[in-house]
């Protein structure tokens, strides 16, 4: 896949394109991308996905401090690459770009600059200033502009539309199973290992504290999770805690720390990725470090049983 920042370097002739934010590159997105590839093959054209960065909410709603994303730009790129798309066009989303109307986007970008042969979209697509651009608008322009439009029906899960918004809500609510199922993969976080107070080491469960790389990443709800950990080219099963560590009462801010089962050595300042397999339990407060240690032993057994039957 070739990644283009803006469309100036894009030269593929009459591509088949789709457009969207693609946060999470979830199952609904994957169906859309697969359809783009299918149509491109039928027409003998190259496939392209158009996305926007940063997320429009960060540009248009700067006071919305609680808004989070499922993907960094790098993760989104990898997800679209994995789908098999030929080209990814990343359009810088600026206040100036946000002022472009839906009609202008179609005529100036899709028709004049990209000369698209076909546009594949979900029936809920929105683009242009105020989100006025729709699948219906594309259809109205298609005849006179010489491109075809194919739109896919909304993909539902238990009568709920699969969306990035819904998946974020699942993660916040502790419903990791639904989030992973709708993503079509295990949710992940990446960051740098930082120093901690080494209390875990003193009870036989050394942990790596994770400073998440991007502040806008959606953090799952507080609790204990079975995870895979990837660091220094190796992969370990692990048990990860998100929360304030109430037993230790050493701070009141949220931390993310992972015990990597079977790992040895110093991982401080290393880049690390965790992939969430299953939520084990809520964060709990114990009467002593010994009670905590006993529970962690049970968590480790639970984690290993979960990992044993995981096929990822």
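Evaluate the following for residue 294: is it surrounded by 15 or more Cβ atoms within 10 Å (Cβ to Cβ), farther than 28 Å from residue 185 by Cβ and out of contact with any strand residue (DSSP E or B) (no Cβ under 6 Å at 6 or more places or on another chain)? Talk me through it step by step, then tell me what you get.
Numbers: surrounded by 15 or more Cβ atoms within 10 Å (Cβ to Cβ): no; farther than 28 Å from residue 185 by Cβ: yes; out of contact with any strand residue (DSSP E or B) (no Cβ under 6 Å at 6 or more places or on another chain): yes.
Here the answer is no, as residue 294 does not meet what is asked.
Does residue 233 meet the test of being more than 29 Å from residue 305 (Cβ to Cβ), free of Cβ contacts under 8 Å to residues at least 60 places away in the same chain and surrounded by fewer than 19 Cβ atoms within 10 Å (Cβ to Cβ)?
Values: more than 29 Å from residue 305 (Cβ to Cβ): no; free of Cβ contacts under 8 Å to residues at least 60 places away in the same chain: yes; surrounded by fewer than 19 Cβ atoms within 10 Å (Cβ to Cβ): yes.
It is false that residue 233 is more than 29 Å from residue 305 (Cβ to Cβ), free of Cβ contacts under 8 Å to residues at least 60 places away in the same chain and surrounded by fewer than 19 Cβ atoms within 10 Å (Cβ to Cβ).
Touching a strand residue (DSSP E or B) at 6+ places or on another chain (Cβ under 7 Å) and closer than 20 Å to residue 279 by Cβ: which single residue out of 196, 191 fits that description? Full working, then the answer.
Working: 196 fails: closer than 20 Å to residue 279 by Cβ.
From the options 196, 191, the qualifying one is 191.
Looking at residue 302, is it assigned to a strand (DSSP E or B), at pLDDT 90 or above and within 29 Å of residue 71 (Cα to Cα)?
On the way: assigned to a strand (DSSP E or B): no; at pLDDT 90 or above: yes; within 29 Å of residue 71 (Cα to Cα): yes.
No.
Determine if region 268-275 includes at least one residue that is surrounded by fewer than 17 Cβ atoms within 10 Å (Cβ to Cβ), farther than 19 Å from residue 177 by Cα, assigned by TED's automatic domain parsing to the domain that holds residue 241 and free of Cβ contacts under 8 Å to residues at least 60 places away in the same chain. Working first, answer last.
Of region 268-275, the ones surrounded by fewer than 17 Cβ atoms within 10 Å (Cβ to Cβ) are 268-271.
Adding the requirement that they be farther than 19 Å from residue 177 by Cα leaves 268-271.
Now narrow it down to the ones that are assigned by TED's automatic domain parsing to the domain that holds residue 241: 268-271.
Subsequent filtering for residues that are free of Cβ contacts under 8 Å to residues at least 60 places away in the same chain retains none.
There is no residue in region 268-275 that is surrounded by fewer than 17 Cβ atoms within 10 Å (Cβ to Cβ), farther than 19 Å from residue 177 by Cα, assigned by TED's automatic domain parsing to the domain that holds residue 241 and free of Cβ contacts under 8 Å to residues at least 60 places away in the same chain.
So residue 201 ticks every box in (1) over 24 Å from residue 76 (Cβ atoms); (2) in contact with a strand residue (DSSP E or B) (Cβ under 6 Å, 6 or more places away or on another chain); (3) not in a loop (DSSP other than H, G, I, E, B) but one. Which box is left unticked?
Status for residue 201: all satisfied but (2).
Report, by residue number, each residue of region 213-230 that is at pLDDT 95 or above and more than 17 Å from residue 280 (Cβ to Cβ). Even if it seems obvious, please write down each step before you answer.
Step one: list which residues in region 213-230 are at pLDDT 95 or above, which gives 217-230.
Passing the criteria: 217, 218, 230.
With the condition being closer than 22 Å to residue 141 by Cα and more than 21 Å from the chain's Cα centre (by Cα), I'd like the helices (runs of 4 or more DSSP H) fully within region 1-112 carrying at least 2 qualifying residues.
Where helices (runs of 4 or more DSSP H) fall fully within region 1-112 and carry at least 2 residues being closer than 22 Å to residue 141 by Cα and more than 21 Å from the chain's Cα centre (by Cα), they are 27-43, 95-98.
Filter region 88-127 for residues that are in contact with a helix residue (DSSP H, G or I) (Cβ under 6 Å, 6 or more places away or on another chain), free of Cβ contacts under 8 Å to residues at least 40 places away in the same chain and surrounded by 20 or more Cβ atoms within 10 Å (Cβ to Cβ) and give the result.
Across region 88-127, the qualifying residue is only 106.
What tally of residues in region 148-177 results from selecting those that are at pLDDT 95 or above, in contact with a helix residue (DSSP H, G or I) (Cβ under 7 Å, 6 or more places away or on another chain) and more than 14 Å from residue 23 (Cβ to Cβ)?
The qualifying residues number 3.
Could you count how many residues in region 128-139 are in contact with a helix residue (DSSP H, G or I) (Cβ under 9 Å, 6 or more places away or on another chain), in a helix (DSSP H, G or I) and surrounded by 14 or more Cβ atoms within 10 Å (Cβ to Cβ)?
Pass one, region 128-139, residues in contact with a helix residue (DSSP H, G or I) (Cβ under 9 Å, 6 or more places away or on another chain): 128-134, 137-138.
Of the ones still in play, those that are also in a helix (DSSP H, G or I) are 129-131, 137-138.
In the following step, the residues that additionally are surrounded by 14 or more Cβ atoms within 10 Å (Cβ to Cβ) were identified as 129, 137-138.
Matching residues across region 128-139 total 3.
Matching residues to (1) under 17 Å from residue 219 (Cα atoms); (2) assigned to a loop (DSSP other than H, G, I, E, B); (3) at pLDDT 95 or above:
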site: 236; (1), (2), (3): no, no, yes
site: 264; (1), (2), (3): no, yes, no
site: 279; (1), (2), (3): yes, no, yes
site: 287; (1), (2), (3): no, yes, no
site: 295; (1), (2), (3): no, no, no
site: 312; (1), (2), (3): no, yes, no
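The values are calculated or read from the model by the stated rules, or taken from the named source; none is laboratory data. All values reported here derive from a predicted model rather than from experimental measurement. All Cβ positions, even for glycine, are placed from backbone atoms using ideal geometry, and neighbour counts span all protein chains on display.
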